[in-house]
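Novice: Got a structure for you, written out below as structure tokens; questions coming shortly.
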């Protein structure tokens, strides 16, 4: 089944406009999810909208209300929301361009794939995309998504664009509220040097495909076990805090362990390389003999 667009409208750069569609770039369909069950009957609990005076009501008959004072609401239906038509309801207008590192990572939120929609707008889309690629800039604009106007950042990716919704400034908490109370401790220079070596030994490329949600996998295993009548539990030991006395010893042991792991990996690579050379020599010898 083809994905349905989250938003459809136009992308606009000055006087250049093209129709585009946004698709959610992430999916949570593979996660373990649960329903509320009544253990007495094994029936799934249904959440039924209920009016305290009238009793159960149809969800389709409900409207939204904004509370202006205690138990006093301004009611809004779909027609009311249609009356609020900003340009960003149907158009992503690019306001400015910035360098990617100018946007604090705390503000990046949800990603969406942006593709040219059906029609003759593919060429205009390509012009905007390639101009952004050459300039190596992030485009900043706005759009109304799920009844909220959101600031977005657009970046080039392959043949398309990725739109990241950006969190509003007032939603990002001040780091000082949390970090200011961290005690000022001067780290021992020798310990820092050993920690830097450990970091160097663990340096590598980021590969998200290597990550497996072990908690999710353990839940699935437990579910399979319970299906078969078992009650297998997966428990992990709680790590102990490293105290000041043992800190240097722990660092040295970590460095030694990382180094031995690295040497083992190197030996494996050397063995593979040697095996490859030997195989190549044998193949060459057979070819000469023939």
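Novice: Under a plain spin-label model, where a point goes 7 Å from the Cα along Cα-to-Cβ, how far apart in nm are residue 86 and residue 195?
Specialist: Taking the simple label geometry, residue 86 and residue 195 are separated by 4.3 nm.
Novice: Continuing with the same structure: Of 165, 29, 254, how do they rank once you tally other Cβ atoms within 10 Å and put the fewest first? Before the final figure, lay out the partial values.
Specialist: Values: 165 19, 29 5, 254 16.
Least to most surrounded, the residues fall as 29, 254, 165.
Novice: So how do 142, 18 line up by other beta-carbon neighbours within 10 Å, fewest first?
Specialist: 142, 18
Novice: Could you please rank 94, 128, 199, placing first whichever residue has the fewest other Cβ atoms within 10 Å of its Cβ?
Specialist: 199, 94, 128
Novice: What is the extension gain from residue 215 to residue 182, computed as 0.36 nm multiplied by their sequence separation minus the C-alpha to C-alpha distance, in nm to one decimal?
Specialist: 8.8 nm
Novice: Express the Stokes-Einstein translational diffusion coefficient of the stretch 104-212 in µm² s⁻¹, to the nearest whole number, given a Kirkwood radius over alpha-carbon pairs, 37 °C and a viscosity of 0.692 mPa s. All intermediate terms of the calculation are to be shown ahead of the outcome.
Specialist: Values: Rh = 18.3 Å.
After rounding, the answer is 179 µm²/s.
Novice: Now, a different point. What FRET efficiency comes out for residue 38 versus residue 95 if R0 is 41 angstrom and r is the Cβ-Cβ distance? Round to the nearest 0.05.
Specialist: 0.20
Novice: Can you give the FRET efficiency for residue 68 and residue 147, using 1/(1 + (r/R0)^6), R0 = 22 Å, r = Cβ-Cβ distance, to the nearest 0.05?
Specialist: Step by step, r from the Cβ atoms, then E = 0.75.
Novice: Which value in nm describes the separation of the simple spin-label points at residue 26 and residue 258, placed 7 Å from the Cα toward the beta carbon?
Specialist: For residue 26 paired with residue 258, the spin-label model returns 2.8 nm.
Novice: At 0.36 nm per residue, and after removing the present C-alpha to C-alpha distance, how many nm does the segment from residue 104 to residue 59 gain when stretched out fully?
Specialist: Working it through step by step, the gained length comes to 12.2 nm.
Novice: Would you mind estimating how fast the stretch 156-215 diffuses translationally, via Stokes-Einstein at 10 °C and 1.306 mPa s with the Kirkwood radius over Cα pairs, in µm²/s?
Specialist: In µm²/s, the coefficient is 92.
Novice: What is the distance in Å between the Cα centroid of the stretch 102-138 and that of the stretch 141-215?
Specialist: 21 Å
Novice: With r as the distance between the Cβ atoms of residue 207 and residue 171 and R0 = 25 Å, compute the FRET efficiency 1/(1 + (r/R0)^6) and round to 0.05. Kindly include the intermediate steps, with their values, before the conclusion.
Specialist: Values: r = 31 Å, r/R0 = 1.24.
The pair residue 171/residue 207 has a calculated efficiency of 0.20.
Every read-out reported here was derived from the displayed coordinates using simple, explicitly stated rules and does not represent laboratory data. Source: prediction; values computed, not measured. As a convention, Cβ positions derive from the backbone with ideal geometry for all residues, glycine included, and neighbour counts pool all protein chains shown.
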